[in-house]
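Q: Mind having a look at this structure? Questions to follow.
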Amino acid sequence: MLITKVVFRVDASSSMGMGHLLRCLALAQALDQHPAVKAIIFVMLAASKPFAKSRTDWVGDIVILPADLPQQAEPQWLSDFCQRQQVDVLALDGYQFDADYRQALSSIPSVFVLFDDMNNSGDLYCDLVINSASNADALEYQSTAPQASLCLGDKYRILRREFVQKDYCLPWAERDGLVVVMGGSDPFNVSLQILQTLEQHKFSHQIKLATGGAYAHHAELGAFLTQTNLQVEHLQNCQQMAQLFGEAKLVISAAGGSQFELLACQSPALLVIVAANQRNATQAAAKQGWCQAIDYCAKPDIAELAQRTLQLWQQDLLLEQMFQTAGQYADTAGAERVVTEILKRVETNHA
């Protein structure tokens with residue numbers, strides 16, 4: 001069987017972040033390695049393209065939506081595009097794609113794949129749902145997507161190619177340093193706030209700060225780094241995250257898709273919830289015991305975040321236990337399982 005084309009509709013920006021784009025990229029990488037897949041296309045706004053092209057691990061072609069295309073006309077344009085290109089799979093990821101948008105795409109002959117986080121936006125109108133959160137089975141997708149294949153829970157965690165390898169994951173005795181990574185955009189510049197507060201507490205250990213391609217606070221951060229007494233290495237638009245996580249003693253990270261990467265690297269973490277859609281998956285991860293969580297969305301208290309960081313840093317035995325616990329839950333085969341389910345739906349469509 002040959003899938004002629006797979007299309008992803010997704011965007012990224014400094015305000016939206018890069019999470020949607022990166023998890024689509026992770027699935028695209030898995031599809032790209034499958035012999036049945038011939039072509040991968042990303043459809044996005046022009047403003048999203050620089051974030052995509054900044055990736056050294058990018059796969060697939062990029063098609064830019066017409067600049068004068070109204071939002072309400074986009075589903076028809078996308079439907080026409082998929083039919084002209086004889087697309088077998090269309091994957092959608094983004095909160096801007098509401099129930100009306102999805103319904104307008106429901107009649108296309110392509111297999112319609114939807115990334116979802118909370119099942120709180122009405123009927124989904126798709127053929128396959130992907131939600132990798134541990135508690136996704138409890139979100140009643142049978143009601144909003146009754147005909148869909150459901151890729152829900154831990155076994156469907158989709159990781160980028162770099163995290164599927166295990167040679168980057170150091171044993172506990174060789175781990176050192178604090179890593180701070182607040183997502184691809186960090187719109188509220190929590191990274192800088194963490195550093196400023198750690199400096200006030202005279203933190204004396206090595207810190208690696210990773211910022212993403214959509215980070216927009218370089219001037220402010222640069223001014224701080226030129227005068228701080230902290231031992232900080234700034235990794236701008238860092239794309240070797242597996243190695244970075246796999247060497248760390250503790251990671252302070254924005255919640256979201258990166259928590260699955262941290263788990264794969266057995267990295268003890270303090271996950272910072274910075275958006276409501278991250279809450280369910282993060283709370284479920286904290287219950288597993290390999291990470292802790294702080295709800296910065298509900299209560300943005302940088303002093304509490306720094307205090308939690310310092311408390312964790314000083315508890316070597318607890319951190320080692322978190323490292324060992326992560327090893328019990330780490331699973332890097334989720335993308336392969338999702339690809340298998342997608343191919344099953346394609347076969348059904350062609351039958």
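What follows draws every value from the coordinates through simple rules; no lab data is involved. As the structure is a computational prediction, the values presented were derived from the model and not from experiment. In this analysis, Cβ positions are derived from the backbone assuming ideal geometry, glycine residues included, and neighbour counts consider all displayed protein chains.
Q: Multiplying the sequence separation of residue 307 and residue 32 by 0.36 nm and subtracting their Cα-Cα distance, what value in nm do you get?
A: Gain on stretching residue 307 to residue 32: 94.7 nm.
Q: While we're looking at this one, here's another question. Separation between the residue 235 and residue 123 pseudo-spin-labels, each 7 Å from Cα along Cα→Cβ, expressed in nm?
A: In this crude label model, residue 235 to residue 123 measures out at 4.6 nm.
Q: Let me have the relative contact order for the stretch 167-329, percent, based on Cα pairs under 8 Å that are six or more residues apart.
A: 24
Q: If you only keep lysine pairs separated by 8 or more in sequence, or across chains, how many in the chain come under 23 Å at the Cα atoms?
A: Count of close lysine pairs: 16.
Q: Based on the mean of other beta carbon atoms within 10 Å per residue, what is the order of 139-151, 106-118, 262-274, most packed first?
A: Ranking, from highest mean packing down: 262-274, 106-118, 139-151.
Q: A further question follows. Only one of the values (i) 127; (ii) 151; (iii) 226 was calculated from this structure for volume of the Cα convex hull per residue in Å³; name its label.
A: (i)
Q: What net charge is computed for the residues neighbouring residue 205, neighbours being all others with C-beta under 14 Å from the C-beta of residue 205, Lys and Arg scored +1, Asp and Glu -1?
A: Summing Lys/Arg as +1 and Asp/Glu as -1 gives -1.
Q: What is the magnitude of the charge dipole of the stretch 167-329 about its Cα centre, with +1 placed on the Cβ of each Lys and Arg, -1 on the Cβ of each Asp and Glu, and no other charges, expressed in debye to the nearest 20?
A: Around 300 debye, computed over the stretch 167-329.
Q: Using a cut-off of 11 Å between beta-carbons, work out the net charge of the residues near residue 86 (Lys and Arg +1, Asp and Glu -1, residue 86 not included).
A: Around residue 86, the surrounding residues sum to +2.
Q: Same structure again: For the chain, what's the relative contact order in percent, using C-alpha pairs closer than 8 Å and at least 6 residues apart?
A: With pairs under 8 Å counted, the relative contact order is 17 percent.
Q: All other residues with a Cβ under 10 Å from the Cβ of residue 158 taken together, and with Lys, Arg as +1 and Asp, Glu as -1, what is their net charge?
A: Local charge sum for residue 158: +3.
Q: Given the rule -39500 (n - 2.57) for each run of at least 4 DSSP H residues, summed and divided by the residues of the chain, what is its mean residue ellipticity at 222 nm, to the nearest 500 deg cm²/dmol?
A: It comes out at -11000 deg cm²/dmol, rounded to the nearest 500.
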